[in-house]
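To start, the structure under review is shown below, and the notes come after it.
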Amino acid sequence: MTTREVPRYFRLATPPVSGLLHPRLIAVCLALLAATFAVVCVSLSIGDFSIGLPDVVKALAGTGDPGSTLIVRELRLPRIATGLLVGVAFALSGAIFQTMTRNPMASPDVIGLTEGSSTAVVAAIILGWDGGLGLQTLGLLGALASALAVYALAWRGGTTGYRIILIGIGVSWMCTSTTDWLITRGGEFQAQAALGWLVGNLNGRDWTQTTPLAIALVALVPVALGLGRQVRTLQLGDDVAAGLGIRVQTVRLSLMLTGVGLIAFGTAAAGPIAFVSLMSPQIAQRLARTAHPPPITSAVTGALIVTGSDLIARTLIPGTELPVGIITGVLGAPILLWLLIRANRAGSGG
């Protein structure tokens, strides 16, 4: 059977060269890492006290003068590190859900997971009660509750990507309405704090927000990468995957829980930064020219998008630091429209 005779569905579902040693994947990842490092260095050099790029590199290496090292590593680096880790978490979660559902619009902020996490955190801010759990744990519980609701409502002797998306959109709007109601119940100071957090913000971040997220990534990223082969098999369809020995529903549930953990800890650290989980996997997929979003490339792309957007947010208006979510929203909205137009022309859900 020639390539032309192979059904288009299976040609798209299987990348031309699999594995992490694909030469183009390596080249794209290296280029993205270099761009991310450059953005990080520029961000660390900008502030009330400007520091030259060579001094920034020396401070990161621990060989700079004490003043520059203190400013770079203790005052500015926590914010940049949080942005990097949040970008990785959001992008990798988006890649998981888009690959699992075989739909480019199936990101956590579309199917209700981000909103579930946000509702739990906003409830803690407005009501002034977190039960001693902290925002990280509450965000995880909120996202997990949303995921379980979506999974249970989409279950009909099994789940499909299309049902997960439709149910997720409904759950997303329910959570959004609940969040809006909570804000109306809060005082002026609490409402302002919640609204500032809901936009997605890296202002004032320190190591207390970065450390739990870093620990979560150390635990969850290997799991996500380890499920990579099963994810690629799911691209062939549930029946084919089951015939190849894959426990479809077990793998899908494991993927969902991993994606939930990533999006929950990322949201608790910096708020629901818009469109990062949607556009990062799509950009990475097109850069790498693979049939599905490559996880590592998506993660690096997400880190670059968040840190680059944060740099724009800090420098766009002199003397004003905009929330990073405003910039990612401006960048992501056209990509969402393009995906919708493309899906409509293809006559499919994505």
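The values are calculated or read from the model by the stated rules, or taken from the named source; none is laboratory data. This is a predicted model, so every value here is computed, not measured. Note that each Cβ is placed from the backbone with ideal geometry, even for glycine, and that neighbours are counted across all protein chains shown.
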*asked:* Checking Asn103 against (1) polar (S, T, N, Q); (2) farther than 27 Å from Thr208 by Cα; (3) buried (at least 22 other Cβ atoms within 10 Å of the Cβ): exactly one of these is not met. Which one?
replied: (3)
*Which of (1) surrounded by fewer than 23 Cβ atoms within 10 Å (Cβ to Cβ); (2) not assigned by TED's automatic domain parsing to the domain that holds Trp181 does Ala284 not meet, given it meets every other one?*
(1)
*Check Ala81, Ala154 and return the single one that is within 30 Å of Ser45 (Cα to Cα) and in contact (Cβ under 8 Å) with a residue 12 or more places away in the chain.*
Ala81
*Which residues, taken from region 25-78, are surrounded by 14 or more Cβ atoms within 10 Å (Cβ to Cβ) and of a type in the set (Phe, Trp, Tyr)?*
Phe37
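Kindly evaluate Pro272 against the criterion of being in contact with a Leu (Cβ under 9 Å, 6 or more places away or on another chain), part of a loop (DSSP other than H, G, I, E, B), closer than 24 Å to Pro323 by Cβ and not hydrophobic (A, V, I, L, M, F, W, C). Walk me through how you get there before you give the answer.
Details: in contact with a Leu (Cβ under 9 Å, 6 or more places away or on another chain): yes; part of a loop (DSSP other than H, G, I, E, B): yes; closer than 24 Å to Pro323 by Cβ: yes; not hydrophobic (A, V, I, L, M, F, W, C): yes.
Yes.
Return the residues of region 60-103 that are more than 21 Å from Leu202 (Cβ to Cβ) and either of a type in the set (A, V, I, L, M, F, W, C) or not in a helix (DSSP H, G or I) (or both); say none if nothing qualifies.
Of all residues in region 60-103, those more than 21 Å from Leu202 (Cβ to Cβ) come to 61-69, 95-103.
Within region 60-103, Ala61, Gly62, Thr63, Gly64, Asp65, Ala95, Ile96, Phe97, Met100, Arg102, Asn103 qualify.
What are the residues in region 313-349 that are aliphatic (A, V, I, L, M), within 26 Å of Thr101 (Cα to Cα) and at pLDDT below 90, if any? It would help to see each step written out before you state the result.
Within region 313-349, the first condition is being aliphatic (A, V, I, L, M), and the residues that meet it are 313, 316-317, 322, 324, 326-327, 330-331, 333, 335-337, 339-341, 343, 346.
The next check asks that each one be within 26 Å of Thr101 (Cα to Cα); those that pass are 330-331, 333, 335-337, 339-341, 343, 346.
Within region 313-349, Leu331, Ala333, Ile335, Leu336, Leu337, Leu339, Leu340, Ile341, Ala343, Ala346 meet the criteria.
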*Give the residue that is nearest to the chain's Cα centre (by Cα), with candidates limited to residues of region 205-250 that are within 25 Å of Pro78 (Cβ to Cβ) and among the β-branched types (Val, Ile, Thr).*
Val221
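Quick check on region 28-46. Is at least one of its residues assigned to a loop (DSSP other than H, G, I, E, B), at pLDDT below 90 and either charged (D, E, K, R) or out of contact with any Cys (no Cβ under 7 Å at 6 or more places or on another chain) (or both)?
Among the residues of region 28-46, not one is assigned to a loop (DSSP other than H, G, I, E, B), at pLDDT below 90 and either charged (D, E, K, R) or out of contact with any Cys (no Cβ under 7 Å at 6 or more places or on another chain) (or both), which makes the answer no.
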*Could you count how many residues in region 104-114 are polar (S, T, N, Q), touching a Cys at 6+ places or on another chain (Cβ under 9 Å) and in a loop (DSSP other than H, G, I, E, B)?*
0
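Given the condition among the β-branched types (Val, Ile, Thr) and not assigned by TED's automatic domain parsing to the domain that holds Gly325, answer yes or no: does some residue in region 253-262 qualify?
Yes, the conditions are met somewhere in region 253-262.
Among the residues of region 102-152, which ones are among the acidic types (Asp, Glu) and either touching a strand residue (DSSP E or B) at 6+ places or on another chain (Cβ under 6 Å) or farther than 21 Å from Phe189 by Cα (or both)?
If we filter region 102-152 for residues that are among the acidic types (Asp, Glu), which is where we start, we get 109, 115, 130.
Hits for region 102-152 are Asp109, Glu115.
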_Residues within region 129-148 that are within 14 Å of Phe265 (Cα to Cα), at pLDDT below 80 and among the hydrophobic types (A, V, I, L, M, F, W, C), tallied_ = 2
*asked:* Just the residues that are in a loop (DSSP other than H, G, I, E, B) and either under 18 Å from the mean Cα position of the chain (by Cα) or surrounded by fewer than 19 Cβ atoms within 10 Å (Cβ to Cβ) (or both), please, taken from region 152-204.
replied: Trp155, Arg156, Gly157, Gly158, Thr160, Gly187, Gly200, Asn201, Leu202, Asn203, Gly204
*Using beta carbons and a limit of 7 Å, which pairs, at least six apart or on different chains, have the first residue in region 285-310 and outside any loop (DSSP other than H, G, I, E, B) and the second one of a type in the set (Phe, Trp, Tyr)?*
Gly302/Phe90
